[in-house]
């Protein structure tokens, strides 16, 4: 793997660590000020998912930096169409900024999927203005806005929308809920990364 010619320009350091994967990754990311964690994922389902979860979910929940989860058989990573799923809460602006940096490397177009956030906006015009404002302030361009509507399964709606649009990447902010809060409310970002056949970039926000 390290000898792969596709990695020829990269400086690669190999480390062997003892302990749980997610806690070791969190510690290394904090100590070395890592900007991105990339990991493959097979997901978890059924009782295993409910009681234990996947390694990917745990890393997303605890990492101090963005996590790119790449499912098996997803092909080469060269995003041309990206779905940004967002509620347009102000704290999610960090996801827009992060994506702007990526857009400078990969000139992709962005399909911004607005997730229904009851009580936040009074009209479609307010949603349009908020979306345009986020894109303008962050410098994100080639953005088209879509609405998800009301649904009982937002995770499935995000993945289905991304597949319909031929997306190569799904981007979501995460509040990294832990403990009782995570047990009661779960995490839409973790669930999406765990089940999506498309790579998912999760961006922690505070």
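No lab work stands behind these numbers, since they all come straight from the coordinates. Please read these numbers as outputs of a predicted model, since none were measured by experiment. Reconstructed Cβ throughout: ideal geometry from the backbone, glycine too, with neighbour counts over all protein chains shown.
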Give me the one-decimal nm value for the distance between modelled label points at residue 20 and residue 81, 7 Å along each residue's Cα-to-Cβ direction. 3.9 nm
What FRET efficiency comes out for the pair residue 104/residue 156, r = Cβ-Cβ distance, R0 = 30 Å, nearest 0.05? 0.40
Can you compute the modelled spin-label distance between residue 39 and residue 73, with each label point 7 Å from Cα toward Cβ, in nm? 2.3 nm
Between the modelled labels at residue 12 and residue 30 (7 Å from Cα along Cα→Cβ) the distance in nm is 2.9 nm
For 84, 113, 36, 10, which order do you get if you count the other beta carbons within 10 Å of each Cβ and list the fewest first? 10, 36, 113, 84
Just rank 171, 205, fewest to most, by other beta-carbon atoms within 10 angstrom. 205, 171
